[in-house]
Structure formats: C-alpha cells, structure tokens
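Okay, structure first, notes after.
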Amino acid sequence: KRSTGFADAARYGTLVVGDIADRPFLKTLFTKYTFSGVLHFGAFSQVNQSLRDPAGYYRNNVACSLNLLDVAVAWGTPPIVFSSTAAVYGEPHKIPIPETHPLSPINPYGESKRMVETILADYERAYGLRWAALRYFNAAGADPDGELGERHDPETHLIPLVLQTAVGLRPAISLYGNDYPTPDGTCIRDYVHVEDLCAAHLLALHHLKNGGMSRAWNLGNGAGFSVTELLATARKITGCAIPAEIAPRRPGDPARLIADASDAIRILDWTPRYPNLETIIRHAWTWTRKNR
C-alpha cells in the first residue's frame, strides 16, 4: 500500500497496489507469483508521530507484518529482508553501536521495529523462516543520476528540509535542541546513502539464499555528524545562506547514533560507495533543484 509513496517511483518490474493489512490480497499475490525472497519496507517511520499515535504504529508496523509473515510461511517460506532501524537501540551506552548492544527503544516507532525483529526470530525457530533485519541509521541522499529522491509529504527528514530551505520553499530550518551532551549541543547522526542501503538489501538476500545465518545488521558509515555540521556542509555545497532557528528538543531523540557496521562490511562484503556526507548532500541537492 503506497500510502506515502508514488507509483512513478516503481520504474522496474510489476507494480501491484494493495494493503498488507488485507490477508486475502496477500494470499492472492502469493498465489499468482512465486517469490524467491521478500524485501519488507512497509511501515510508518516518524518518531514524533509514533509518540502521538502509538496504536497506529503498532497496528501498522507490527500487526501488518504478522499478516505478511503468516502468508509467506504458508506459501513456501521465502527469506525475508526486513527494514529495521537504529531506533531499536534507544539511548546508546557505547559508540559506535554494535549489533550486540542492548535494545531499549525510547519511542513506539523503535519499539514496533524491535517487536518485528523478535517475531522474525520466533518464526525462524517455529516455522523455518529465514530473515535479515537491516538496522538503518539515517538514510539520506538521492539517486546519483537524479531520477529518484526523497519527496515525503509532509517532509520530515533533515537533509531534504535543509535543501528545501536553500531553494526558498521554507523560510528557515528548525534545529530541535542545542543543549544535547555533544560538542556543539546538537544531535549527532550517522548518514548512509540510499544507494548503499539498496546494495545491502541485495547482499543480505543473497546471504540468506546461500545458507547464511539469520541475524540483524547495522547499516551506517561509522561517522557521526551533528546537525550544525550538516548545516555548514549544506551551505558550502549550495552556496545558500539557509537560515536556521533553534526550537525545543523533540521527545524520543537520542543525542548520538553512530553505527558499527563492520559485520556487514566483513560478512556481507558490503562496501558503501558514497560514505562522504558532502557526496550524500550533493546528490540530494541535484534532486532538489530538479524537482523544486
């Protein structure tokens, strides 16, 4: 169900529109097609929204995932690659964060993803469902050729908001909190290019199909940048002033999230092609100017 997506973004393969809350639809889909694997991206993903509407998040992210897994198990149990999140860690006590770090989500969004990871492990033990959970840190950037990019409505991700401010679509960018325990007081995040995330999904699927063990993987670059540093980089790339204003902290935002993705690099043979923040912002800037 593309409740927040766009049909024209599905440029390759066959697009079938339906809702994973609808079991009869899923059964029809699995009857009509034979799947060698399932990449499960369907979820709500806004931290603030999850705090306001936890019921909606648990219903959409957890209950609908159960529908998908149940039908997959009934129709041959293809391996599942699940879109998870660094929000499963909550406030980290170790930086960079390894996959062995305790899972202590501090918002319903992160909790919903943690629940699905637990369900996947239980389904493997009971039904033989093989899985990979990919814990994204901050997905960012755009297709280097400028064909696809972020266009959420409403937009909530930092880099698109900054670049929309650069082209004059917003009067200023809000910095949510400048009193965090970080060098400049703003949150620190690990940004990973969307193209590198795509490559990791394919590698994880091949890993499972070749007999690799089910597990969770971090996807990040291992480098953290504060909101202030990101803003300075965007100003440099765009040549625009990009006005900013300080706003109150948002509940549910950890101060630092930086990935230890060494297992994905070592075991999946994942090599990020675009680890540099300037490259990530430059690709997003090209997309923004083309689609302003």
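General observations
- Accessible area (Å², per residue) of region 1-44, counting only protein heavy atoms and a probe of 1.4 Å: 72 Å²
- Using θ = phi - 60° in the Karplus curve 6.51 cos²θ - 1.76 cosθ + 1.60, the 3J(HN,Hα) couplings for region 137-154 round to 8, 8, 5, 7, x, 7, 3, x, 7, x, 6, 10, x, 6, 8, 5, 9, x Hz; x is entered for Gly and Pro.
- Partners for residue 290 among lysines (Cα-Cα distance below 23 Å; same-chain residues under 8 apart left out): 236
- DSSP bridge pairs, the chain: antiparallel proportion in percent, nearest 5: 10 percent
- Sequence-distant residues sharing a close amide H with residue 247 (under 5 Å, placed H): 175, 176, 177
- For the chain, built as a Gaussian network whose Cα springs stay under 10 Å, the top-fluctuating residue of 116, 62, 16: 16
- Working from label points 7 Å from Cα in the Cα-to-Cβ sense, the residue 6 to residue 273 distance is 2.1 nm.
- For residue 187, distant residues with modelled amide H under 5 Å away: 227
- Accessible surface of the chain, 1.4 Å probe, proportion on carbon and sulfur as whole %: 53 percent
- Within the straight-line cut-off of under 30 Å between alpha carbons, the lysines reachable from residue 209 are 1, 27, 32, 113, sequence neighbours fewer than 8 places apart in one chain being disregarded.
- Mean residue ellipticity (222 nm) of the chain, computed from DSSP H runs ≥ 4 via -39,500 (n - 2.57), nearest 500: -11000 deg cm²/dmol
- Going through (1) 143; (2) 204; (3) 128, the figure that equals volume of the Cα convex hull per residue in Å³ as computed for the structure here is (3).
- For the peptides 241-250, 90-99, residues were scored by their other Cβ atoms within 10 Å and the scores averaged per peptide; the highest-first order is 90-99, 241-250.
- Those residues of region 66-98 whose amide nitrogen sits under 19 Å from the label point placed on residue 35, 7 Å along Cα→Cβ: 66-85
The values are calculated or read from the model by the stated rules, or taken from the named source; none is laboratory data. Keep in mind it's a predicted model, so treat the numbers as computed, not measured. Cβ sites come from the backbone with ideal geometry, for glycine too, and all protein chains shown count toward neighbours. We work out accessible area using only protein heavy atoms, side chains counted, and drop any ligands, DNA or RNA first. Shrake-Rupley method; radii C 1.70, N 1.55, O 1.52, S 1.80 Å.
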